[in-house]
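Here's the structure we're looking at; comments come further down.
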Amino acid sequence: MNFVFNPKKSAQAGAYLLGLNGGDMDKYIWIKMLYWADRESLNRWSQPITGDRTVSAPFGPILENIYDLTKECPVSLQETWGAFISEADPDANRVTRLADPGVDELSRAEISILESAYTKFKDFGFSQLKKFFSELPEHEEVGTSSKILHTERILWALGKTNEQIKKAEKELRMLEVENMLLGRQ
């Protein structure tokens, strides 16, 4: 199952979390909160909030595009991402909300998931977060590299049956066809 990364919706989700924390946050904690929110959304609706690709990394699962955007934002994403969220400060390793992108792409339920992720992890230190996320059943040890973490593996780790996973895949394909026919991609 491959979702389409939505930079505008992702920026809204990321900026919302940063706003809950006064406007900035440790990059690592912030990315883990976003992963957890996507995971919870997958659990509820078989759809992530961000659409980002997940990978197992040395310190647990992360969202690949969002992680890359904390290092460098390409010109093509300046309007939908770079205007709202900074690249991580190389010394402090913090990301900052530069402006408020609003929340029109997010549902109330998704905002509730983001708030829950923030509440759950806001007081975690690096070691706690590393331990927690490295012990998730979907995570694979990868040494110093990273490896694609397939959505099916996350759904399986969440306790979904093979039938539920196949149904989610079918719904995703139908949505892709609908988007193509309606010119939304």
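Since every read-out is calculated from the coordinates, none of them should be taken as a lab result. A quick note: this is a predicted structure, and the numbers were derived from the prediction, not measured. All Cβ positions, glycine included, derive from the backbone under ideal geometry; neighbour counts span all protein chains shown.
Some values worked out for this structure:
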{"read-out": "Contour minus Cα-Cα distance for VAL4 and ALA92 (0.36 nm per residue)", "value": "28.6 nm"}
{"read-out": "Pairs beyond 32 Å (Cα-Cα), from LYS32/LYS170; LYS27/LYS147; LYS71/LYS160", "value": "LYS71/LYS160"}
{"read-out": "Packing rank of 164-172, 12-20, where each peptide gets the mean count of other beta carbons within 10 Å, highest leading", "value": "12-20, 164-172"}
{"read-out": "FRET efficiency, 1/(1 + (r/R0)^6) with R0 30 Å, evaluated for VAL142 and LYS71 via beta carbons", "value": "0.95"}
{"read-out": "Lys, Arg +1 and Asp, Glu -1 on Cβ, resulting dipole of the stretch 77-148 about Cα centre, debye, nearest 20", "value": "280"}
{"read-out": "All aspartates and glutamates inside 14 Å of LYS8 as judged from Cα atoms, apart from same-chain residues fewer than 8 positions distant", "value": "ASP52, GLU79, ASP100, ASP104, GLU105"}
{"read-out": "Net dipole in debye of the stretch 28-185 [+1 Lys, Arg Cβ; -1 Asp, Glu Cβ; about Cα centre; nearest 20]", "value": "460"}
{"read-out": "The chain, helix-only ellipticity at 222 nm - DSSP H runs n ≥ 4, -39,500 (n - 2.57), divided by all residues, nearest 500", "value": "-15000 deg cm²/dmol"}
{"read-out": "Top positive-direction residue, dipole computed over the stretch 1-131 with Cβ charges, set LEU18, PHE59, LEU98", "value": "PHE59"}
{"read-out": "Average projection area in nm² (convex hull over Cα atoms of the stretch 5-138, one quarter of hull surface)", "value": "7.5"}
{"read-out": "Dipole of the stretch 113-183 [Lys/Arg +1, Asp/Glu -1 at C-beta], most positive-end residue of PHE132, VAL177, SER145", "value": "PHE132"}
